[in-house]
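Chemist: Quick one: the structure is below, questions incoming.
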Amino acid sequence: MKKTLSLILVVFCCFGMFAFSAVAEDETSVSRSPSHVIVGISTDRYGHESYGKNMIRNPYYQKYYNELIDYSCQVYYKSIKTSDNNSKYIEQYAKQYLIQPENYTTLIFREPEKIPDNITEYNRSILRNYFDDEDILYVSDYNYAAIVCIADTNADIVKNISELEFIGNAFFTNYPSTMMPAVGTFTMGNVLGAENEMGDNGDVNASDARFLLRYVAGLEKVGAKKQFYFCADMNFDNKIDAADARLVLRTAAGLEPKYCVSYSYFQFWTDYMGVIKNEK
């Protein structure tokens, strides 16, 4: 198996030198403040030629959205929820934060008087009354909550959702208006980077490509490690496959420019991994 993997890597490298070239999407995504999932992509560690890229559809969120929504709900019920009517807060949130063409938000619904047989379908039945299917990103399977995209031209919709109890940033981990400045940078392709929440040393080598290829083949597991998922999706197509391993190898060989994932607030990066179980 090791020999096979090594041979595949060599083929990737040779093929990539002459026939394969991939670059990050040119389209500049919108950003807003505060937000939990907007990161910056830059060609070097100093922000040159940087642009925004929203990672909310990254495989990390695809895989762990239930756990992350659950944590947001825990934060809300333990630290934010009050007996006051939230309608005024919802209206203020819509006016202050839903001001970009695309706004990714967490919606928390009131608990129904009767527990539904299927919470996922219950959530969807509410969402379908107000949103198109393409605007519904993640629907919780065990909380009355979901992640949706709301256009600035449709911001007032939240004031019409009678079931809505609270609205916050996508996958929020503390009170939505609280942020802790802490700049950090991770290098795309450095999937084996140091266990450092503030960033890595910028190295990308063949070991990263080999590990990523083994992961794609189902021979490695990483658990809920956000750095891996963000840094492994080299072409930003919201999936991790052999094409990403090929790009990691080309980056290690200096055939592709280095890109970085950066954040300017600590809460943008940390998802409190202690509440998420690793893969079995």
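Chemist: Classify the range 154-255 from the C-alpha gyration tensor, please: rounded if a/c falls under 1.5, else prolate or oblate depending on whether a/b exceeds b/c. Could the numbers behind the result be given before it?
Modeler: Working: a/c = 2.75, a/b = 2.01, b/c = 1.37.
In terms of gyration-tensor shape, prolate.
Chemist: First compute the accessible area of the range 104-213 with a 1.4 Å probe, then give the percent of it belonging to carbon and sulfur atoms. Display every interim value, and only then the final one.
Modeler: Numbers: 2260 of 5050 Å².
C and S atoms contribute 45 percent here.
Chemist: Go through 260-266, 74-80 and give me the packing order, highest mean Cβ count within 10 Å leading. Walk me through the numbers on the way to the answer.
Modeler: Details: 260-266: 19.7, 74-80: 14.1.
The most tightly packed comes first, giving 260-266, 74-80.
Chemist: Once a ≥ b ≥ c are taken as the square roots of the eigenvalues of the Cα gyration tensor of the range 57-172, is the result rounded (a/c under 1.5), prolate (a/b larger than b/c) or oblate (a/b not larger than b/c)? Mind showing how you got there, number by number?
Modeler: On the way: a/c = 1.29, a/b = 1.08, b/c = 1.20.
In terms of gyration-tensor shape, rounded.
Chemist: Determine, for each peptide in 100-109, 155-164, the mean count of other beta carbons within 10 angstrom over its residues, then list the peptides with the highest first.
Modeler: Numbers: 100-109: 21.4, 155-164: 15.5.
Sorting 100-109, 155-164 by mean packing, highest first, produces 100-109, 155-164.
Chemist: Could you provide, to the nearest whole Å², the per residue accessible area of the range 65-170 with probe 1.4 Å?
Modeler: Details: 5500 Å² over 106 residues.
Roughly 52 Å² per residue, with all protein chains present.
Chemist: Continuing with the same structure: Across the range 92-100, in residue order, what do the Karplus-derived ³J(HN,Hα) couplings come to in whole Hz, using 6.51 cos²θ - 1.76 cosθ + 1.60 with θ = phi - 60° and x for Gly and Pro?
Modeler: 5, 4, 4, 6, 8, 10, 8, 10, 9
Chemist: Let me ask another. For the pairs K114/K226; K159/K239; K95/K225; K63/K95; K53/K88; K221/K258, note any where the Cα-Cα span goes beyond 28 Å. Intermediate results must be reported in sequence, preceding the final value.
Modeler: Details: K114/K226 36 Å; K159/K239 35 Å; K95/K225 34 Å; K63/K95 31 Å; K53/K88 31 Å; K221/K258 25 Å.
From the list (K114/K226; K159/K239; K95/K225; K63/K95; K53/K88; K221/K258), the Cα-Cα distance tops 28 Å for K114/K226; K159/K239; K95/K225; K63/K95; K53/K88.
The values are calculated or read from the model by the stated rules, or taken from the named source; none is laboratory data. Because the structure is predicted, anything quoted here is derived from the model rather than measured. Heads up, the Cβs are rebuilt from the backbone with ideal geometry, glycines too, and the neighbour counts pull from every protein chain shown. Areas reflect the complete protein model, heavy atoms only, side chains present, ligands, DNA and RNA absent. Shrake-Rupley method; radii C 1.70, N 1.55, O 1.52, S 1.80 Å.
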